[in-house]
Every structure is written in C-alpha cells, then in structure tokens.
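See below for the structure under consideration.
The values are calculated or read from the model by the stated rules, or taken from the named source; none is laboratory data. Only a predicted model underlies this, so the values are computations on that prediction, with no experimental measurement involved. Glycine gets a Cβ as well: all are built from the backbone with ideal geometry, and neighbour counts include every protein chain shown. With ligands, DNA and RNA removed, areas are computed over all heavy atoms of the protein, side chains included. Shrake-Rupley method; radii C 1.70, N 1.55, O 1.52, S 1.80 Å.
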Amino acid sequence: MRFASCAHAGRTFAAAIVDDTAVPLAGIAELGSQTPTSVLADPPLDRAGAVPLDEVTLRPVVPWPSKIVCVGLNYLNHVGETGREIPEYPVLFTKFAQTLTGPRDPIVLPPESAQVDYEGELAVVIGRPGRRIATDAALTHVAGYTIANDVTMRDFQYKTHQWLQGKAWEASTPVGPWLVTPEEVGDPSALDLSLTLNDTVLQQANTAQLMFDIPELVSRISEFVTLVPGDLILTGTPGGVGFRRDPQVFLAPGDHVRVEVSGIGALDNAVVAES
C-alpha cells in the first residue's frame, strides 16, 4: 500500500492512497510515531472521508520524525567525484524535522547561499522500534520507502569540516510523495533512481550500487541510538551532483527538479527565490 501525510480544508490527516483518492486513517493526523508497521498493516480507513487526491496538499511524508539520519558518500561514483577515500564506516549526519518540506512544495533559495545543490536519494521509514538490530532482522523494522532530495547549500557545507550548516537549512529537503510499503516496493536493493534538472538527467543509479545497503545502515545506526517508528534514513546520493561538475551546476529560480525512484514515484519541485 501507499500512505501519505495530507492537508485539506484546514485539517491534516494520514491517508492511504487508494486509486486517485486519499482515504484518511481515522484519528491519525500524520504518518510517524502513530503509524508503526502494525497500524499500516491494518489501517483504520475512514472511507466516507475520502478526498480526491488532486485536492489535497501533500506534506512531508513524515512531517515530524524524531530523527533524520543521512548517509554521505554511499555510492562509489559519488566518492570518486569528491576525491575522498572510500569509507569503511557509513558517513552519517543529521537533519532536523524543520528541514523537511513537501514533495510538491517549491525549493526556496535562501539569499545567504549562492551554491544550492541537489541530491536525489532513496529514503527509509522505520516502522518498528529497535536497538542493536541485527542485519538479518533489519528489514523487519522498515515500514516503507520514500524519496528525498537532500538539497545542500555547498558554500555553507564547506565552511567547516562538519556538514550541518549546509545540510539542515529550514524547509529545504523535499520528502515524499508517499510511504510505499515493502511488499509493494519489492527488493529495495534493485531500485532505479534518477534526478532530472529541467530536461537534463544529471543523476542516474541503481540502489544495488549502495556501498552500505539498507540492512547494514539500520543495524549500524541502531548500535548507538534506538530507532523508532517515523524515523527517516536518507541512504545517500549517487554521482552527478552539481558542485562536482565542470562547469558547476547550482539551482536557480525557474528551475524544475524531479527525483524519481522506481516502484515509489517522484518528487517534483519548482525552484524559487526567497521572497
């Protein structure tokens, strides 16, 4: 099944996406801590409250996750374009819930940054809590998969050796459009990913190319922190980022960015200047 966090007529609700409608989950305002795998497996559907999908606003798929853990340098071709050494342990950093924005919302360019870059990624939504999760059990803790664009302010990212200030800009990271459950996605290590800027494909990869796959990421992260329902793991971006191109490519007002992952859907975001 597919699920989303929606807004319509002044209210917010988690919904199952059924054909071309958003069917609310009774009493649940959004995906996250209230929608562990057990709830999504038997969702409390309010079919009488169904809303045509084209009338709802799609929010970040999990609007307020307790944790957003991101992985850098997880595709070999991206490691190569950065000139860094191949990591022996996942390169991890975090974002805040305020960093997220909806899958159809505009990417707003802040006036402080002149180097706003794109990074298409597969994202994991945790569905069962766990600490020190074994790799062979890791996928049982996954509620589903979604898509992210890890929009990065490169001139801020490289002010220091820490990446936080370039990666956690408020309302900068589109996530969605849906949470797609594992049985519908199938093998998460065989998904095609692409990012198109205007009419040009700039990133293209398959998740088989991840150096640290999803079970290993879930296991490694849960070594040091308990993962809980609604937590997001952004699994890393492939080569082709704008900062490493010659000439460099940065987002500009009027651009359109599309990130697509097979079996899940697409993010579609216009790029605008902050007003």
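Between GLU81 and ARG245, the distance separating the two model label sites (each 7 Å from Cα on the Cα→Cβ line) works out to 0.8 nm. The phi torsions of segment 14-23, fed into the Karplus equation with coefficients 6.51, -1.76 and 1.60 and a -60° offset, translate into couplings of 7, 9, 8, 8, 10, 6, 10, 10, 9, 9 Hz, rounded to whole numbers, with Gly and Pro shown as x. Centre-to-centre, using Cα atoms only, segment 52-90 and segment 190-214 are separated by 12 Å. With r as the distance between the Cβ atoms of GLN165 and ALA252 and R0 = 25 Å, compute the FRET efficiency 1/(1 + (r/R0)^6) and round to 0.05. Using R0 = 25 Å, I get an efficiency of 0.70. Computed from point charges on the beta carbon alone (+1 for Lys and Arg, -1 for Asp and Glu), the dipole magnitude for segment 150-275 about its Cα centre is near 480 Debye. Whole-percent P(r), segment 1-102, all Cα pairs, 5 Å bins from 0: 2, 12, 19, 17, 12, 10, 9, 8, 7, 3, 0, 0.
Taking every protein chain into account, the accessible area of the chain amounts to 42 square angstrom per residue (probe 1.4 Å). Using Cβ point charges alone (K and R +1, D and E -1), the dipole size of the chain about the Cα centre works out to roughly 680 debye. Per-residue Karplus couplings for segment 162-174, computed as 6.51 cos²θ - 1.76 cosθ + 1.60 with θ equal to phi - 60°, are listed in order as 8, 9, 3, 5, x, 10, 10, 5, 4, 6, 10, 10, x Hz, Gly and Pro entered as x. Only helices enter the 222 nm calculation for the chain: every DSSP H run of n ≥ 4 contributes -39,500 (n - 2.57), and dividing by all residues gives -3000 deg cm²/dmol, rounded to 500.
Using 0.36 nm per residue, how much length does the chain from ALA270 to TYR158 gain when fully extended, once their Cα-Cα distance is taken away?
On the way: separation 112, 0.36 × 112 = 40.32 nm, distance 2.54 nm.
The ALA270-TYR158 span can extend by a further 37.8 nm.
Per q in 0.11, 0.15 1/Å, what log10 I(q)/I(0) does a Debye calculation on the alpha-carbon atoms of the chain return? Ignoring solvent entirely, the Cα scatterers give -0.57, -1.09. For segment 1-118, the fraction of 1.4 Å probe accessible surface lying on carbon and sulfur atoms is 52 percent.
Evaluate E = 1/(1 + (r/R0)^6) for THR94 and ALA48, where r is the Cβ-Cβ distance and R0 equals 35 Å; express this FRET efficiency to the nearest 0.05. The calculated FRET efficiency here is 0.30. Computed on protein heavy atoms with a 1.4 Å probe, the accessible areas place LYS159, LYS95 in the order LYS159, LYS95, largest first.
Here segment 1-160 is assigned +1 on the Cβ of each Lys and Arg and -1 on the Cβ of each Asp and Glu. Its dipole about the Cα centre then comes out at about 540 debye.
Backbone phi angles across segment 34-42, fed through the Karplus curve with coefficients 6.51, -1.76 and 1.60 (θ = phi - 60°), yield HN-Hα couplings of 8, 10, x, 3, 4, 6, 5, 5, 9 Hz in residue order; Gly and Pro are listed as x. Solvent exposure of TRP178, expressed as accessible area, is near 30 Å², computed with a probe of 1.4 Å over the protein chains only.
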